[in-house]
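The values are calculated or read from the model by the stated rules, or taken from the named source; none is laboratory data. Remember, predicted model here, so these are calculated numbers, not experimental data. Note: ideal-geometry Cβ built from the backbone for every residue, glycine included; neighbour counts use all protein chains shown. These accessible areas exclude ligands, DNA and RNA; they are computed on the full protein's heavy atoms, side chains included. Shrake-Rupley method; radii C 1.70, N 1.55, O 1.52, S 1.80 Å.
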Amino acid sequence: MRDLPDDDDWIADRRRVIGERFRAERLRQNLTQDAVYLASGISRYTLQRVEAGAEVRLSTLIRIAWVLEVPLAELMG
């Protein structure tokens, strides 16, 4: 088991990476933000926050992964 770093900067970095993966997959599938947020039942603002690496609910990530037809674990890395 390892100790946590002294600050939480690593968490923000990790969220940004995850957001980039969600965005990259959306673009790889040639989907617009509109298509994804409407299909997943979330707001455009929420999808933008996910892709920007903001703090979001796990259920939101699960919804988007479902719409993208990609296992959440794959997007989380």
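Quick notes
- Matching residues, the range 28-61, being more than 22 Å from residue 13 (Cβ to Cβ), assigned to a helix (DSSP H, G or I) and without any contact (Cβ under 8 Å) to a residue 12 or more places away in the chain: 28, 34, 35, 37, 38, 44, 45, 59
- Residue ID - farthest from residue 70 (Cα to Cα), chosen from residues in the range 13-28 that are open to solvent by less than 60 Å² (accessible area, probe 1.4 Å) and touching an Asp or Glu at 6+ places or on another chain (Cβ under 9 Å): 19
- Checking each residue in the range 62-77 for being part of a loop (DSSP other than H, G, I, E, B) and either touching a residue at least 60 places away in the same chain (Cβ under 8 Å) or surrounded by 14 or more Cβ atoms within 10 Å (Cβ to Cβ) (or both) picks out 70, 77.
- Qualifying position, being over 10 Å from the mean Cα position of the chain (by Cα) and open to solvent by 80 Å² or more (accessible area, probe 1.4 Å), among 37, 45: 45
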